[in-house]
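Here the structure comes first, spelled out in structure tokens, and everything after it is commentary.
The values are calculated or read from the model by the stated rules, or taken from the named source; none is laboratory data. As the structure is a prediction and not an experimental result, all values here were calculated from the model. A quick note on method: Cβ atoms are made from the backbone with ideal geometry, for glycine too, and the neighbour counts reach across all protein chains shown. Just the protein is used for accessible areas: all its heavy atoms, side chains included, with ligands, DNA and RNA removed. Shrake-Rupley method; radii C 1.70, N 1.55, O 1.52, S 1.80 Å.
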Amino acid sequence: MPRNSAPTRTFGVGKSRVDSFEIIAAPPRNPVVRVAALLLRLRAELLVLALLLTVWVALGPDHVDDAHGVTVEVPGTGLDTHTRVILFAGVALLLAALPWTRRYLFHRAQAVLTRHRVRQALVECRVLNSRSRACPLTLWSRPTRVGEVVWLFLRAGIGPHAVEDQAEELAATCFARECRVTAWSSSINIVRVEIIRRDPLAPNLIRSELFRYAAGDPRDTGSPDNDLDSGPVIPAPRPEPTRPVIPPSPRPAIDGPQLDGGRGGDWSDYV
């Protein structure tokens, strides 16, 4: 046996043993399916972009071909480039200046961003299928009074508990204070993810006057100075109940001499 040859390794009892393990890789996806999924996720952005391009082209001048086959613009049939830029900027400033349109557009844009952030958080937390390595589908998102709501469609092999276990990670990813995950009552493969950002009752707390009445506070409850946070409520001293004075009943007059030592009455009172 030559000296430079490596010794053969045998596996058996008392020898080193190599355990077998299974490597599951994501199967290759069709490029058409991947492009369609990307367009589905970016449907809101693509819709806004298509609308802006349509308005831009509709306001521009018409293009016709001359006798030599060269495309030229027909003056007087539309707006030039500078006018369209000024018009678009004016409309954008008007929408941002009005309170109701500004709030509507901001909340809608935040709902779309939350939908993307929820999907990214699920991918990073490995809420995926064990075989196809696919995350839940984000169906729809809308703003609410406290934040946003995202509806998820769970693929085969993913349960609602897998999403509920990542509630803290979802809230941190969406820059929110809390996240609540609730399965749909009709079918548990549809999950409602509620992102809570604010408390609408915090600035205007409902205060009750029952505590003040129960404590016997004689202060005026209608004045703004008499608030629950102005100081400790000191109950007013209650007047002590007075006992009614019962006048003594008059004694009947006695005829004849008093034989009981002047105490009044006759012997029939004591016999």
All positions within the range 151-200 that are under 15 Å from the mean Cα position of the chain (by Cα) and in a loop (DSSP other than H, G, I, E, B): Cys174, Phe175, Ala176, Arg177, Arg197, Arg198, Asp199, Pro200
Residue that is surrounded by the most Cβ atoms within 10 Å (Cβ to Cβ), among those in the range 125-175 that are touching a Cys at 6+ places or on another chain (Cβ under 6 Å) and closer than 22 Å to Arg108 by Cα: Leu170
Some residue of the range 93-115 being open to solvent by 60 Å² or more (accessible area, probe 1.4 Å), farther than 23 Å from Pro143 by Cα, modelled with pLDDT of 65 or more and charged (D, E, K, R): no
Residues located in the range 135-150, provided they are of a type in the set (Gly, Ala, Ser) and not in a strand (DSSP E or B): none
Boolean, Val55 is out of contact with any strand residue (DSSP E or B) (no Cβ under 6 Å at 6 or more places or on another chain), surrounded by 10 or more Cβ atoms within 10 Å (Cβ to Cβ), at pLDDT below 80 and not in a loop (DSSP other than H, G, I, E, B): no
